[in-house]
Amino acid sequence: MPSTAANSHEAEALDAALAEAREDYVRRNRESQARFMAAAESMPGGNTRTSLFYDPFPLCMLRGEGCRLTDADGHEYLDFLGEFTAGIFGHSPEVLKQAIRAALDDGINLSSHNAIEGKLAERICARFPSMDLLRFTNSGTEANLMALAAALTFTGRRKILVFAGGYHGGVLTFPPGGTPVTVPHDFVVASYNDLEKTLDLVKPHRSELAAILVEPMQGAGGCIPGAPEFLAGLRALADETGAVLIFDEIQTSRLSLGGRQQLLGITPDMTTIGKFFGGGLAFGSFGGRREIMQVFDPRRPSSIGHAGTYNNNSLTMAAGLAAVEQLLTAEALDALNARGDRFRADLNAMFAAKTVPITVSGLGSLMNIHPQGAPQMANAKRSLLFFDLVKAGIYFAPRGLIALSFPIGGQEISAFLNALDGILDARRSLLV
Ligand SMILES: Cc1ncc(COP(=O)(O)O)c(C=O)c1O
């Protein structure tokens, strides 16, 4: 058979299998479907967080304990998604529950500075030498927006170097052709991990460059680690041009006590963090060199504002401090990331042993499954794996993201590997 005919036969078989898997999913998840349809009466697409949507409708989870989830139809899952990297603690850490209860007992939000915010700031600054001073926000998106505002104010310049495939929040993405959702800064969009092309692209803008905003590993972009030489090259570019180098470590700060910057020995001028540093509650923080962050010092007549009712909310501050002091320790993070490295190696070894062209990228406890080949086929294969694994009780992101949490141990990892082993044997002809 000529190869195009063979390809179209393969595509048809894959589409048919995927359609059947979706139908089966619908049959098994009537309650999730009903709740989704009801929500769609008052929210567009029944959705208020775009990344959670997938066709035909997303599962509605009712309960979580440790690394286990229960959905509206009573199915149980091992949670390998970990709230898109934010849920590093699992769903029921007693330390966080106690800290939140104690903060509740002291009164919700006191219309004032509180006793915890300074302590949390001090503990975080101690972990990240790049953060002499920091401020708190309610999300990672906001942290990046404020870091950019600081860089523009500090340098008196406007251009911002960012990277295709980068994700710094819903309003800071750079898809080809742009999107009206992205904030209207003066962005220059370069290729991630291509230092030579990046330097060429910014050549005409060197004296106008205010900031370089980069993830040390692209997270939503598919867990693509930044090459050490690339990130070091951006450090040098910032030094030569006077631009502020901002590392968005909102995901990668979990790769060691001091994030990926510690592992690489590269110190950015500013760092943004978020997610788990709020102990499971809404959180973001941006910080950096003293002379940059001082633009926010309200004692200075020329300071710029950074307001926000919930910036220092007492529940998040308490949960964040408990998390930083008791859970996000070097030992716990190193053990989790070592487990992740072994798991990713096992996954890649399984795909290789079965000669299925799928690879798993990532670092430590963060990883992404990537079927190889033409995008349409690769997407269909990724969806098929997703529906098959969900049916087997393994929950992760349809886009292939896996983020381990502390409660995931050897037993859960074996359960994932066993489920995948069976699926690869059953679906091999469709996935090769
Ligand atoms: C690297 C990175 N930056 C920024 C953000 C935005 O954080 P948030 O969703 O808290 O606004 C995310 C969230 O996924 C992220 O992964």
### Task
Sort through L321, L328, L231, L333 and tell me the only one that's of a type in the set (A, V, I, L, M, F, W, C), within 16 Å of the ligand (Cβ to nearest atom) and either more than 29 Å from E94 (Cβ to Cβ) or buried (at least 20 other Cβ atoms within 10 Å of the Cβ) (or both).
L231
### Task
Please list, ordered by first then second residue, the pairs with beta carbon atoms under 9 Å, 6 or more apart or interchain, first in segment 87-104 and over 14 Å from F276 (Cβ atoms), second of a type in the set (D, E, K, R) and modelled with pLDDT of 95 or more.
S92/E65
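Just wondering, is there one or more residues in segment 139-155 that are open to solvent by 60 Å² or more (accessible area, probe 1.4 Å), in contact (Cβ under 8 Å) with a residue 24 or more places away in the chain, closer than 21 Å to P216 by Cβ and not charged (D, E, K, R)?
No: zero hits.
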### Query
Looking at (1) without any contact (Cβ under 8 Å) to a residue 24 or more places away in the chain; (2) assigned by TED's automatic domain parsing to the domain that holds E412, which is the one condition that is false for G64?
(1)
### Query
Across segment 219-243, what is the total count of residues that are in a loop (DSSP other than H, G, I, E, B), under 17 Å from E196 (Cβ atoms) and either at pLDDT below 95 or among the hydrophobic types (A, V, I, L, M, F, W, C) (or both)?
1
### Summary
Note on G177: of the conditions (1) without any contact (Cβ under 8 Å) to a residue 40 or more places away in the chain; (2) of a type in the set (G, A, S); (3) buried (at least 18 other Cβ atoms within 10 Å of the Cβ), unmet is (3)
### Query
Which strands (runs of 3 or more DSSP E) sit wholly inside segment 127-213 and have at least 1 residues that are of a type outside the set (K, R) and within 12 Å of the ligand (Cβ to nearest atom)?
133-137, 159-163
### Query
Of the residues A39, A102, which is over 16 Å from I394 (Cα atoms) and not assigned by TED's automatic domain parsing to the domain that holds Q376?
A102
#### Entry: Of all residues in segment 269-301 being closer than 18 Å to G226 by Cβ and among the polar types (S, T, N, Q), the one that is nearest to the ligand (Cβ to nearest atom)
T272
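Would you check if there is a residue in segment 43-66 being among the aliphatic types (A, V, I, L, M), modelled with pLDDT of 95 or more and touching a Cys at 6+ places or on another chain (Cβ under 9 Å)?
Within segment 43-66, none of the residues are among the aliphatic types (A, V, I, L, M), modelled with pLDDT of 95 or more and touching a Cys at 6+ places or on another chain (Cβ under 9 Å).
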### Query
Within the set of pairs 6+ apart or on separate chains, which have a first residue in segment 387-416 that is more than 19 Å from F53 (Cβ to Cβ), a second that is basic (K, R) and assigned to a helix (DSSP H, G or I), and C-beta atoms under 7 Å apart?
D388/R427; L404/R339
#### Entry: Conditions (1) surrounded by 18 or more Cβ atoms within 10 Å (Cβ to Cβ); (2) closer than 30 Å to G280 by Cα; number of the one not met by A17
(2)
### Query
Of the residues that sit in segment 269-301 and are basic (K, R) and touching a residue at least 60 places away in the same chain (Cβ under 8 Å), which one is surrounded by the most Cβ atoms within 10 Å (Cβ to Cβ)?
K275
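Can you go through I266, I246, I250, I304 and tell me which one is open to solvent by 10 Å² or more (accessible area, probe 1.4 Å), at negative phi and within 12 Å of the ligand (Cβ to nearest atom)?
Of I266, I246, I250, I304, the one residue that is open to solvent by 10 Å² or more (accessible area, probe 1.4 Å), at negative phi and within 12 Å of the ligand (Cβ to nearest atom) is I250.
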### Task
Filter segment 339-373 for residues that are open to solvent by 50 Å² or more (accessible area, probe 1.4 Å) and among the hydrophobic types (A, V, I, L, M, F, W, C) and give the result.
A345, A349, A352, A353
### Residue satisfying all of: in segment 43-61; open to solvent by less than 40 Å² (accessible area, probe 1.4 Å) and in contact (Cβ under 8 Å) with a residue 40 or more places away in the chain; farthest from N29 (Cα to Cα) among these
Y54
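The values are calculated or read from the model by the stated rules, or taken from the named source; none is laboratory data. As the structure is a prediction and not an experimental result, all values here were calculated from the model. Virtual Cβ from ideal backbone geometry, glycine too; neighbours counted across all protein chains shown. These area figures cover heavy atoms from the full protein model, side chains too; ligands, DNA and RNA do not enter into them. Shrake-Rupley method; radii C 1.70, N 1.55, O 1.52, S 1.80 Å.
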